[in-house]
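Chemist: Let me begin by handing over the structure; questions about it come next.
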Amino acid sequence: MKAERLLRLVVLSCLGCAILFAWQVSSFQGAAFGTGGLAPRAAPWKEVVRAQEGESEAAITGQLIDSQNQPIVGADILLVTPQQTDPLAQTLSQPDGSFLLTLPEVSQSEPGALPAALAVRIERHHFDPYTHALTPDERQMLTQDETLSLPEITLQRHIGVAFWVATGIFILVLALIALGSFHNTLSTLLGVSLIYAVSYLAAPLISEELYIFGFTRSLIYVDWNVIFLIMGMMIIIAVVERTGIFQWLAFNAYRIARGRMWLLMLILMLFTGIASAFLDNVTTMLLMTPITIQIALALNLNPLALLLPEVFASNVAGISTLVGTPTNILIGSYARISFNDFLINQTPGVVLALIGLGLYCVYIYRTELQHAGDISPRMLASLEERARITDPANLKKAGVVGAGMVVLFVIGERFHMLPAVTALMGATALILWIRPNIEEMIEAVDWTTLVFFITLFIVVGAVQEVGLISLVASAIGRVVGTNLSLAMLVVTYASALLSTIIANIPFTAAMLPVIGFLSASIPAASSKALFYCLSMGSAMGGNGSLIGASANMVTSGISDRAGYTISYGYFLRKGMPAMLITVTLGLIWLFIRFG
């Protein structure tokens with residue numbers, strides 16, 4: 001026990017240090033992974049500051065962007081001459097792409113003090129170097145201690161060895177996750193380790209062309225809002241799940257159905273869907289699956305006839321709210337979509353999709369439902385005993401805190417309160433109120449999942465750094481042009497289909513910059529419609545295959561231990577039509593809402 005406590009303390013300390021370090025880095029360099037929608041930090045200069053009365057400081061200012069009109073941060077800006085090896089002046093571009101290159105003091109009485117051949121050279125990893133030779137008029141302006149403003153400069157991406165190495169590592173990580181060769185977290189840890197090994201060992205020893213990015217730069221891509229939001233929700237869920245509320249709901253679904261199996265299926269789907277709107281899908285299925293299997297076996301019913309509709313409903317209904325799915329948490333943080341926005345813009349489409357899903361599930365399992373038997377009184381009593389609410393006092397307290405959190409999620413945007421702040425405040429309030437064993441609460445946090453998200457952000461950040469995301473965004477942009485309806489169609493169905501072969505969390509993380517570019521380039525997409533398309537496509541697309549969503553694999557694992565295997569082929573046959581039906585119905589609503 002002492003060793004385990006020490007290990008937890010070390011993990012917490014390391015996480016805290018990493019967060020503090022990342023905050024320090026981001027405060028200097030900015031441009032965090034999830035800053036979509038944020039106004040760029042103002043440049044530290046607005047005008048040339050006079051050092052002394054009657055004197056001014058000569059400087060060169062400008063703005064750097066890439067081919068997608070995104071600012072370039074961290075580029076080296078050098079003032080160079082052919083005669084000198086060392087630059088006369090040097091600076092870095094800021095988070096908004098602007099730069100201020102202050103020249104050495106030049107007296108107006110010495111017009112020839114500046115070299116005749118003077119140029120501004122710009123260098124940045126993964127971009128082609130750019131050189132701007134100053135004209136005589138520009139030199140004269142600087143000689144007179146004036147500020148020279150260069151036209152906006154666009155740097156072109158350099159597709160070199162680092163591009164292919166980072167892309168290969170990214171594909172390797174996705175393949176390991178899809179094949180289940182390693183745990184998801186181990187797969188992303190391996191990817192991060194390979195990226196660092198290439199950047200720190202291979203680049204200096206073999207070729208600088210191998211350099212991807214360093215540790216400091218990599219932390220810029222980690223979205224700490226997502227990490228803290230998930231951590232806070234995990235603590236709250238740990239309290240709720242120990243009250244027995246989910247088992248109680250599942251059992252009462254049977255009692256309400258009164259032997260009508262089709263109604264039992266629909267009620268279980270409804271309960272699962274509502275729970276998934278406020279809890280993580282994986283947690284919901286962890287709680288619902290065991291009691292569902294018990295009810296199915298008591299009715300002489302194949303458990304898969306209830307489990308698959310439940311997991312389908314979980315993946316569909318979870319996108320109603322900001323906290324319902326990990327993909328929504330990623331999208332909401334990146335695009336600054338609030339709890340209210342998801343509720344208003346997604347819920348009608350979710351309701352429409354659930355209606356279609358319910359009809360589909362009743363139809364495909366009609367034979368199994370018709371042959372289900374009655375439950376014996378003894379079995380009924382046993383199920384009822386297991387489905388008791390074990391801690392009503394804590395359940396009430398969790399309900400009060402949960403209601404307060406929902407209110408803060410709804411109104412927090414007015415106070416510029418990030419969802420992570422609400423989750424942490426709610427978790428802290430609940431712990432203070434019920435006074436549980438704090439070590440048990442810390443143990444309830446799934447640190448493995450948090451490490452998975454942190455390392456996933458870094459792996460995706462690597463391909464974003466080398467330009468793969470830019471190429472994908474440009475390719476999609478050329479296909480859809482400025483047609484919002486076509487873009488919505490492509491994004492939704494492409495996300496859904498790709499999520500059947502790529503786990504939807506890493507897929508969504510990789511697609512966020514792409515959707516950000518498309519939203520900026522299509523005038524009518526300012527409503528963030530494409531982000532809602534990504535949300536629907538990636539989450540509902542998870543129903544297309546067994547590996548499409550984490551909730552699918554968790555449900556499969558529990559069912560397999562109970563003796564009922566969910567094979568990849570079986571899930572594909574049942575899930576692919578469900579995915580197509582729900583995605584189509586959800587997209588119809590998005591066309592009505594935004595098209």
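The values are calculated or read from the model by the stated rules, or taken from the named source; none is laboratory data. Fair warning: this is a prediction, and the values are worked out from it, not measured in the lab. A quick note on method: Cβ atoms are made from the backbone with ideal geometry, for glycine too, and the neighbour counts reach across all protein chains shown. In case anyone asks, the SASA skips ligands and DNA or RNA and just uses the protein heavy atoms, side chains included. Shrake-Rupley method; radii C 1.70, N 1.55, O 1.52, S 1.80 Å.
Chemist: For region 258-270, how many residues are at pLDDT 80 or above and surrounded by fewer than 20 Cβ atoms within 10 Å (Cβ to Cβ)?
Modeler: Filtering region 258-270 for residues at pLDDT 80 or above gives 260-270.
Then keep just the ones that are surrounded by fewer than 20 Cβ atoms within 10 Å (Cβ to Cβ); that gives 260, 262-263, 267, 270.
Of the residues in region 258-270, 5 are at pLDDT 80 or above and surrounded by fewer than 20 Cβ atoms within 10 Å (Cβ to Cβ).
Chemist: Working only within region 532-555, note down all residues that are open to solvent by 10 Å² or more (accessible area, probe 1.4 Å) and either modelled with pLDDT of 85 or more or of a type in the set (Val, Ile, Thr) (or both). Before the answer, list the steps.
Modeler: Taking region 532-555 and keeping what is open to solvent by 10 Å² or more (accessible area, probe 1.4 Å), we get 546-547, 550, 553-554.
547, 554, listed by residue number.
Chemist: I'd like to know if region 520-529 contains one or more residues that are open to solvent by 10 Å² or more (accessible area, probe 1.4 Å), under 24 Å from residue 317 (Cβ atoms) and in a helix (DSSP H, G or I).
Modeler: The initial filter retains those residues of region 520-529 that are open to solvent by 10 Å² or more (accessible area, probe 1.4 Å), namely 520-521, 523-524, 526-528.
Going one step further and asking which of them are under 24 Å from residue 317 (Cβ atoms), we end up with 527-528.
Subset that is in a helix (DSSP H, G or I): 527.
Yes.
Chemist: Out of curiosity, is residue 470 hydroxyl-bearing (Ser, Thr, Tyr), surrounded by 19 or more Cβ atoms within 10 Å (Cβ to Cβ) and closer than 28 Å to residue 525 by Cβ?
Modeler: Working: hydroxyl-bearing (Ser, Thr, Tyr): yes; surrounded by 19 or more Cβ atoms within 10 Å (Cβ to Cβ): yes; closer than 28 Å to residue 525 by Cβ: yes.
Judged against the criteria, residue 470 is a match.
Chemist: May I ask you to say which residue of 381, 335 is surrounded by fewer than 17 Cβ atoms within 10 Å (Cβ to Cβ) and either over 31 Å from the mean Cα position of the chain (by Cα) or in contact (Cβ under 8 Å) with a residue 40 or more places away in the chain (or both)? Spell out the reasoning first.
Modeler: Working: 335 fails: surrounded by fewer than 17 Cβ atoms within 10 Å (Cβ to Cβ).
Exactly one residue qualifies, and that residue is 381.
Chemist: Residues that are assigned to a helix (DSSP H, G or I) and more than 22 Å from the chain's Cα centre (by Cα): does region 491-499 have at least one? Even if it seems obvious, please write down each step before you answer.
Modeler: Residues of region 491-499 assigned to a helix (DSSP H, G or I): 491-498.
The next check asks that each one be more than 22 Å from the chain's Cα centre (by Cα); those that pass are none.
The answer is no, given that none of the residues of region 491-499 is assigned to a helix (DSSP H, G or I) and more than 22 Å from the chain's Cα centre (by Cα).
Chemist: Quick check on region 387-403: of everything there that is among the basic types (Lys, Arg) and under 35 Å from the mean Cα position of the chain (by Cα), which residue is most open to solvent (accessible area, probe 1.4 Å)? Break it down into steps so the answer makes sense when it comes.
Modeler: Pass one, region 387-403, residues among the basic types (Lys, Arg): 388, 396-397.
After this cut, where a residue has to be under 35 Å from the mean Cα position of the chain (by Cα) as well, the list is 396-397.
Details: 396: 152, 397: 54 Å².
Filtering region 387-403 for residues that are among the basic types (Lys, Arg) and under 35 Å from the mean Cα position of the chain (by Cα), the one most open to solvent (accessible area, probe 1.4 Å) comes out as 396.
Chemist: Considering (1) in a loop (DSSP other than H, G, I, E, B); (2) closer than 30 Å to residue 299 by Cβ; (3) not charged (D, E, K, R), say which one residue 264 fails and leave the rest.
Modeler: Status for residue 264: all satisfied but (1).
Chemist: Being modelled with pLDDT under 90 and either basic (Lys, Arg) or crowded, with 16+ Cβ neighbours inside 10 Å (or both) is the requirement here; does residue 475 meet it?
Modeler: Numbers: modelled with pLDDT under 90: yes; either basic (Lys, Arg) or crowded, with 16+ Cβ neighbours inside 10 Å (or both): no.
Considered against the rule, which asks whether it is modelled with pLDDT under 90 and either basic (Lys, Arg) or crowded, with 16+ Cβ neighbours inside 10 Å (or both), residue 475 comes out as no.
Chemist: Could you tell me which residue of region 172-222 is modelled with the lowest pLDDT, considering only residues that are open to solvent by 20 Å² or more (accessible area, probe 1.4 Å) and polar (S, T, N, Q)?
Modeler: Filtering first and then ranking leaves 181.
Chemist: Quickly run through region 252-261 and pick out the residues that are more than 30 Å from residue 431 (Cα to Cα) and not in a loop (DSSP other than H, G, I, E, B). Talk me through it step by step, then tell me what you get.
Modeler: Step one: of region 252-261, the residues more than 30 Å from residue 431 (Cα to Cα) are 253-261.
The answer is 253, 254, 255, 256, 257, 261.
Chemist: Testing residue 298 on (1) of a type in the set (A, V, I, L, M); (2) within 22 Å of residue 391 (Cα to Cα); (3) more than 29 Å from the chain's Cα centre (by Cα), one condition comes back false. Which one is that?
Modeler: Condition not satisfied by residue 298: (2).
Chemist: Which of the residues spanning region 223-243 are open to solvent by 10 Å² or more (accessible area, probe 1.4 Å) and not aliphatic (A, V, I, L, M)?
Modeler: 223, 224, 225, 228, 241, 242
Chemist: So the check is Cβ under 7 Å with 6+ separation or different chains; which pairs have a first residue in region 244-269 that's at positive phi and a second one that's in a loop (DSSP other than H, G, I, E, B) and open to solvent by 30 Å² or more (accessible area, probe 1.4 Å)?
Modeler: Close Cβ pairs satisfying both conditions: 244/388; 244/389; 244/390; 259/374.
Chemist: Answer yes if at least one residue in region 305-315 is open to solvent by 20 Å² or more (accessible area, probe 1.4 Å) and of a type in the set (Val, Ile, Thr), and no otherwise. Let's see the steps before the verdict.
Modeler: Kept after step one, since they are open to solvent by 20 Å² or more (accessible area, probe 1.4 Å), are these residues of region 305-315: none.
Checking region 305-315: not a single residue is open to solvent by 20 Å² or more (accessible area, probe 1.4 Å) and of a type in the set (Val, Ile, Thr).
Chemist: Find the helices (runs of 4 or more DSSP H) located wholly in region 420-483 whose residues include 3 or more that are over 17 Å from the mean Cα position of the chain (by Cα) and acidic (Asp, Glu), and list them. If you could, list the steps in order and put the result at the bottom.
Modeler: Details: elements: 438-444, 447-466, 468-480.
Result: 438-444.
Chemist: In a helix (DSSP H, G or I), modelled with pLDDT under 95, β-branched (Val, Ile, Thr) and surrounded by 14 or more Cβ atoms within 10 Å (Cβ to Cβ): which single residue out of 558, 592, 566 fits that description?
Modeler: Working: 592 fails: surrounded by 14 or more Cβ atoms within 10 Å (Cβ to Cβ); 566 fails: in a helix (DSSP H, G or I).
Just one listed residue meets the conditions, 558.
Chemist: Under 6 Å between Cβ atoms, which residue pairs at least 6 apart in sequence (or on different chains) link something in region 394-409 that is within 21 Å of residue 333 (Cα to Cα) with a partner that is open to solvent by less than 40 Å² (accessible area, probe 1.4 Å) and hydrophobic (A, V, I, L, M, F, W, C)?
Modeler: 409/339
Chemist: Taking the criterion of being open to solvent by less than 10 Å² (accessible area, probe 1.4 Å), over 18 Å from residue 358 (Cβ atoms) and β-branched (Val, Ile, Thr), would at least one residue in region 281-294 satisfy it?
Modeler: Yes, some residue in region 281-294 is open to solvent by less than 10 Å² (accessible area, probe 1.4 Å), over 18 Å from residue 358 (Cβ atoms) and β-branched (Val, Ile, Thr).
Chemist: Need the failing condition index for residue 148 against (1) modelled with pLDDT of 85 or more; (2) out of contact with any strand residue (DSSP E or B) (no Cβ under 8 Å at 6 or more places or on another chain); (3) surrounded by 13 or more Cβ atoms within 10 Å (Cβ to Cβ); (4) more than 30 Å from residue 521 (Cβ to Cβ), just the number.
Modeler: (2)
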